Amino acid sequence: MDSIFTFFLLLLPIAAPKGSHSLWLLATYIKGQTPFPEFSYVAMLDDVRIMYYNGETKTLHPRGNTTAEEDVFDSNVLLTISDYIKSSFIKKWAIATSNVNKTDGVLALQRLVVCELRDDGEPGQMITRDAVRGSTTDELLYIDKNFTYQGSLNVSAQVLNIELEFSMRRHEVLYQPFCIKTLTGYLKKRRTQINRKVKPKIRLLRQELSSGFRVSCLATGFYPRHINLTLFRNGQPVADHEITGGDLLPNGDGTYQMRKSLEISAAEKHKYTCSVTHLSLDNKLDVTLAFDHGEPFKSVIPSVLMVLALMLVFGAAAAITARKRRCADSIKRGYSTASTSEESVDTKSELT
């Protein structure tokens, strides 16, 4: 279930801008026959999983920690917040199922809570986003003590205003101070893990199609997740409407990958370049290949010719070695025959 939460987070907009840090909490409330707890959540520091909460046992389970982290947050306060989130889920479940059979199927409600810490050490925005059956129903944005709401809940304006007033005060007094304090503590504990830099591996690939070719620029194995990947045609950026892909996807080792593709005709005569900039690179990294008169990637031809030349050299060397061996064997056989003849003559002389 943790992996489902992680993948869900990747589909959401990045809350914290490049260079700042954020603490995420994704809570799920499920009603129906499933193997999962009715209420649970995953907490993440940027994109690193740090905690899992099981609502059935009311236990917190650290994830990926290498040092003691009990002093990072007040567990009693976190459990109090957890109980509030669950109670709000119960209210929303009643609203969401008011016009349907509550025993029919499985209903999942989710809440994403994100707080941000800017580079200057000041709190940034805080987002609370709710979803029912995978679709967002409402969102609260709290930043610089200003509170905005967008939503489609079917409640009266009076009830909504009361709930928003309570939410604003909870954010100001409890949620944001607790979230920022916890975020700051985890940043100190997991500094090495969060600040690591892994260089991307870049490949420019081609796939033959019935109508031409597909050129793909692949960057994989990089961390952190922020990356700029651009396809160029003869030195000019390829228009966005021509490109497919571009989604950020996770690898199993905690790094990321991104691929952008472009379909071209077999008759094109262009040079394509995959250009990447990333925090782990001192300079941008370019990989260039070319098409000419429908011949795919002329830059591959020298490599092929080199391989063929090496095969010829090794083949010639093997043939010469074999020939020398045959000659040596022939000489050896001739020598053996001559020795046998001499022995026969000597034997006849002795008999005579």
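The values are calculated or read from the model by the stated rules, or taken from the named source; none is laboratory data. Every value quoted in this text rests on a predicted model; they were computed, and no experiment measured them. Using ideal geometry, Cβ is built from the backbone for each residue, glycine included, and neighbour counts are taken over all protein chains shown.
Restricting to segment 192-220, name every residue that is polar (S, T, N, Q), part of a strand (DSSP E or B) and touching a residue at least 40 places away in the same chain (Cβ under 8 Å).
216
So which residues in segment 45-79 are assigned to a helix (DSSP H, G or I) and under 30 Å from residue 105 (Cα atoms), if there are any at all?
Once the filter is applied, which keeps residues that are assigned to a helix (DSSP H, G or I) and under 30 Å from residue 105 (Cα atoms), segment 45-79 yields only 79.
Restricting to segment 252-270, name every residue that is within 19 Å of residue 193 (Cα to Cα) and not small (Gly, Ala, Ser).
Within segment 252-270, 253, 255, 256, 257 qualify.
Which residues, taken from segment 219-271, are under 22 Å from residue 282 (Cα atoms) and either among the β-branched types (Val, Ile, Thr) or exposed (fewer than 12 other Cβ atoms within 10 Å of the Cβ) (or both)?
Residues satisfying the conditions are 220, 227, 228, 230, 235, 255.
Being among the hydroxyl-bearing types (Ser, Thr, Tyr) and modelled with pLDDT of 85 or more is the filter here; which residues of segment 120-148 pass it?
128, 142, 148
In segment 273-291, what residues are part of a strand (DSSP E or B) and without any contact (Cβ under 8 Å) to a residue 24 or more places away in the chain?
286, 290
Quick check: is even one residue across segment 173-188 surrounded by fewer than 16 Cβ atoms within 10 Å (Cβ to Cβ), more than 23 Å from the chain's Cα centre (by Cα) and in a strand (DSSP E or B)?
No - not one qualifying residue is present in segment 173-188.
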